[in-house]
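Data block below; observations after.
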Ligand SMILES: [Mg+2]
């Protein structure tokens, strides 16, 4: 099945639904180590994305992701808006003006998203951030879009789970020092949720 702009937009809409469904969980996770705004910020941002895509769908997969990026950058406060905005913007740039997403373009987009987040947030693996989920996800390989996203989603969740025992070295959670250990990083969890939603959409 071709993965055109419409398919990518459908995947983004299902990711928006996933964020809404997990809003309270993300709030609780961020309350434990941060200021508790992650669930609401992300849900609000994806609400604006949903509204924009329901009005009109851009012509190419890259343009869809660029719309996601610009909306999140404009509407989401805290660290999450600029970081997710950068991830989607770099992914959009990697797709260029291709009319359809391919497995190769997807691999390039995941790697571009990771390098954008690392450049923007200056976090490394082990710092207890979304980088711990996105780094293994960007290593995912496969011959089809569905295979790659399925592997990326599983790797992202395993990476997110690996943040639990870590002491945070970046972001607001780092203010807690040792007390940040024992908690799942909210940004790593939301990264895993988004990739899982994309994988589900690709498998339907
Ligand atoms: Mg926060």
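Rounded, prolate or oblate, given the Cα gyration tensor of the range 42-129, with a/c below 1.5 counting as rounded?
Since a/c reaches 1.5 but b/c is at least a/b, the shape of the range 42-129 is classed as oblate.
With an 8 Å Cα cut-off and a minimum separation of 6 or more residues, compute the relative contact order for the range 3-68 in percent.
Relative CO of the range 3-68 lands at 44 percent.
Helix 38-55 against the longest principal axis of the chain: what's the angle in degrees, Cα atoms only, rounded to the nearest 10?
In the chain, helix 38-55 runs at an angle near 10 degrees to the longest axis.
Report, to the nearest 10°, how far helix 61-75 tilts away from the longest principal axis of the Cα atoms in the chain, using its own Cα long axis and a range of 0 to 90°.
40 degrees
Taking the beta-carbon count within 10 Å as an exposure proxy, list 38, 22 from fewest neighbours to most.
Listing 38, 22 from fewest to most nearby Cβ atoms yields 22, 38.
I'd like the orientation of helix 186-202 relative to the chain: the angle between its Cα long axis and the longest Cα principal axis, in ° from 0 to 90, rounded to 10.
Taking the Cα atoms of the chain, the angle to 186-202 is about 20 degrees.
How large is the translational diffusion coefficient of the chain in µm² per second when you combine the Kirkwood radius over alpha carbon pairs with Stokes-Einstein at 10 °C and 1.306 mPa s?
Rounded, D is 97 µm²/s.
Please report 67, 194 as a ranked list, fewest other C-beta atoms within 10 angstrom at the top and most at the bottom.
In increasing order of surrounding Cβ atoms, one gets 67, 194.
For the pair residue 179 and residue 100, what calculated FRET efficiency results from E = 1/(1 + (r/R0)^6), where r is the Cβ-Cβ distance and R0 = 35 Å, to the nearest 0.05?
Here the calculated transfer efficiency is 0.15.
Relative contact order of the chain: what whole-number percent is it, with Cα pairs under 8 angstrom and at least 6 residues apart?
For the chain, the relative contact order is 22 percent.
Considering only C-alpha atoms, what is the centroid distance from the range 176-204 to the range 89-119, in Å?
20 Å
No value in this document is a laboratory result; all are computed from the given coordinates. Predicted, not measured: the structure shown is a model, and the values here were computed from it. Using ideal geometry, Cβ is built from the backbone for each residue, glycine included, and neighbour counts are taken over all protein chains shown.
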